[in-house]
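Below: the structure, in structure tokens.
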Amino acid sequence: MVKVGPYWDVLRAPGEIGERVLELLGDESGAVIADYGLMYWLIPAGHAQCWRGMQQVQTLGAHGAEVTYVGVPPVDWRDGPRLHWRVPVGPDRYLTDAARLREALVRVVSAEPAEGATAR
């Protein structure tokens, strides 16, 4: 477990949303942690506070007295469903640009049908 905030914040999304976001970001995605149907993007520290209110997405960061920890797998853990790297961390792949990630998430989440809505 690693404390969120000093070096990076985290954005968490359900796996089905995360997979579509990864398609949109392509090589622009930084490292992504996956764990039992959830995906975690590492974003620059201090950026989590700007994400409040996005449907199906949770941000984790250093917000006042709140202390949050995230499981970070060893570098060579690349298979799931348990804790693993969905997009491996590396010297050229670490943090995801928060603005690009937000743009991709807005596109994916806005395309999602509202909860309880039925197809006509």
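Quick note: the coordinates plus some simple rules give every number you see, no bench work behind them. Source: prediction; values computed, not measured. When we count neighbours, we look across all protein chains shown, and the Cβ atoms used for this are built from the backbone with ideal geometry, even at glycine.
For this structure, a couple of remarks:
- Amide H contacts of residue 83 (H built 1.01 Å from N, under 5 Å, at least 5 apart or other chain): 36
- Label point distance in nm, residue 16-residue 56, each placed 7 Å from Cα along Cα→Cβ: 0.7
- Ratio of Rg to Rh over the chain (Cα coordinates, Kirkwood Rh, two decimals): 0.97
- Between helix 15-25 and the chain: long-axis angle, C-alpha atoms, 0 to 90°, nearest 10: 80
- Here the Karplus relation 6.51 cos²θ - 1.76 cosθ + 1.60, evaluated at θ = phi - 60°, turns the backbone of segment 5-11 into coupling constants of x, x, 10, 7, 9, 10, 10 Hz, with x for every Gly and Pro.
- Full extension of the chain segment joining residue 110 with residue 92 gains 3.4 nm, where the gain is 0.36 nm per residue of separation less the Cα-Cα distance.
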